[in-house]
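What follows is one structure encoded as structure tokens, with my remarks underneath.
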Amino acid sequence: MKPTLALLLMSLFISCQNPKKETPKQAPFFKLSLAQWSFNKSFRSGEVSPYEFAKMASELGFEGLEYVNQLYPDVMESEDKAVALDSFVAKNNRLAQAYNMKNVLIMIDSEGDLASSDESVRQLAVTNHKMWVDTANKMGCSAIRLNLFGEKDPEKWVANSITSLKELAAYASDKSVNVIVENHGRLSSNIPVLMQVIEGVGMKNCGTLPDFGNFCIAEEGYGSLFDGSCKEFYDPYQGVSEMISSAFGVSAKSYDFNEEGNETTLDYNKLIGIVKEAGYKGYIGVEYEGNRLSEEEGVKATKKLLEQIASTL
């Protein structure tokens, strides 16, 4: 055998014995949680029990759980909410442990207007939310997410919101619970005004939950950036940029996807880039709200997109 041929065969043998290793994908800088609202149609119809949530999230490959209180009629419609909440805590703690899931936060709706100028209404809302602070503490959740509704005048809204949040944050401070506000329509989606509130409270356990899609500031209601029903909205990229420094959570809202797997309304690469640049390393919650895909398919598409983007950043 000629020397050159022998060397060639030897090099081929060595390369076969030492195949080129693939560069490992970069681990995400965040953890993934599932917003229970993604399956709100199934839960609200009665087709699926809300207590199936931990099992569903586990099977879909999530680490954390983001509960939504209004999806539990056994609690919200109970004549004795304290007793109902004890059962809620016991059931969900047992299920989270059984499926090796982390309780992350509870989204609070329908518990009163924290920004109301009617003092009795505002104070009742604070009292109601304190029950959920206690619940979050018993479940090991890091936060409750609340809404700021009840007043249309911006100056009064800011003042009332600060008063309520200060009381709630003080109550939650020794319970290892953060009190966080989501941009959820109207004034709460007018981010400079919302940040006046957060800065006015000035407490370490009071912050924000930036939602990628909830930036409609139209007076007539929520509206949607996704279906064009919102007539006036705040720039979502600017909004996330302004909220992220005070964020204790992030909500990756989605509606539909193209053939390449990208969200059709929002630039997820840009949004996740903003979140990463800010140094955020907590949970990002998947919250699918679309109609074309099924709830499960929409959740999977959102999760896949987030994981793909994370591997490139």
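The values are calculated or read from the model by the stated rules, or taken from the named source; none is laboratory data. Remember, predicted model here, so these are calculated numbers, not experimental data. Glycine gets a Cβ as well: all are built from the backbone with ideal geometry, and neighbour counts include every protein chain shown. Just the protein is used for accessible areas: all its heavy atoms, side chains included, with ligands, DNA and RNA removed. Shrake-Rupley method; radii C 1.70, N 1.55, O 1.52, S 1.80 Å.
Just a few scattered comments:
- Selected from 192, 50, 236 as most flexible by GNM, with the chain as the system and alpha-carbon contacts under 10 Å: 192
- Where the stretch 58-149 is the region considered: accessible area per residue in Å², 1.4 Å probe: 41
- Between residue 229 and residue 47, the contour length at 0.36 nm per residue exceeds the Cα-Cα span by 62.6 nm.
- Axial C-alpha extent at least 20 Å, average Kyte-Doolittle at least 1.0 - helices from the chain (DSSP): 3-17
- Under 27 Å of direct C-alpha separation, and excluding same-chain neighbours fewer than eight residues apart, residue 175 reaches these lysines: 31, 81, 91, 102, 130, 138, 166, 204, 281.
- Among 116-128, 166-178, 63-75, the order from most to least packed when residues are scored by Cβ within 10 Å on average: 63-75, 166-178, 116-128
- Charge tally around residue 251: other residues with Cβ under 11 Å, Lys/Arg +1 each, Asp/Glu -1 each, net -3.
- For the stretch 84-145, size of Cβ-based charge dipole, Lys and Arg +1, Asp and Glu -1, in debye: 440
- Charges were assigned to the Cβ only: +1 to each Lys and Arg, -1 to each Asp and Glu. The resulting dipole of the stretch 196-313 about its Cα centre is roughly 540 debye.
- Label-reachable residues, the stretch 241-259, where backbone N falls under 17 Å from a point 7 Å from residue 60's Cα toward its Cβ: 250-257
- Scaled against 2.2 N^0.38 Å for its residue count N, the alpha carbon radius of gyration of the chain is 1.17.
- Rg/Rg_ref, the stretch 210-302, where Rg_ref = 2.2 N^0.38 Å and atoms are Cα: 1.07
- Derived scalar couplings ³J(HN,Hα) [the stretch 65-76; Karplus, 6.51 cos²θ - 1.76 cosθ + 1.60; whole Hz; x for Gly, Pro]: 10, 10, 7, 10, 4, 5, 8, 10, x, 5, 9, 5
- Once the Kirkwood radius over Cα pairs is known for the stretch 70-114, the Stokes-Einstein relation at 37 °C and 0.692 mPa s delivers a diffusion coefficient of 278 µm²/s.
- On full extension, the segment bounded by residue 312 and residue 90 gains 75.9 nm, given 0.36 nm per residue less the C-alpha separation.
- Centroid-to-centroid separation of the stretch 193-231 and the stretch 289-311 [C-alpha atoms, Å]: 23
- Debye-formula intensities of the stretch 62-150, expressed as log10 I(q)/I(0) at q = 0.15 Å⁻¹, are -0.56 (one equal scatterer per alpha-carbon, no solvent).
- Among beta bridges that DSSP assigns inside the chain, antiparallel share in %, nearest 5: 5
- Atom-type composition of the exposed protein surface of the chain places 51 percent of the accessible area on carbon and sulfur (1.4 angstrom probe).
- The calculated 222 nm mean residue ellipticity attributable to helices in the chain amounts to -13500 deg cm²/dmol, summing -39500 (n - 2.57) over DSSP H runs of n ≥ 4 and dividing by all residues.
- Here the chain is assigned +1 on the Cβ of each Lys and Arg and -1 on the Cβ of each Asp and Glu. Its dipole about the Cα centre then comes out at about 1620 debye.
- Furthest towards positive pole of dipole, 106, 125, 164, structure part the chain, Cβ charges: 106
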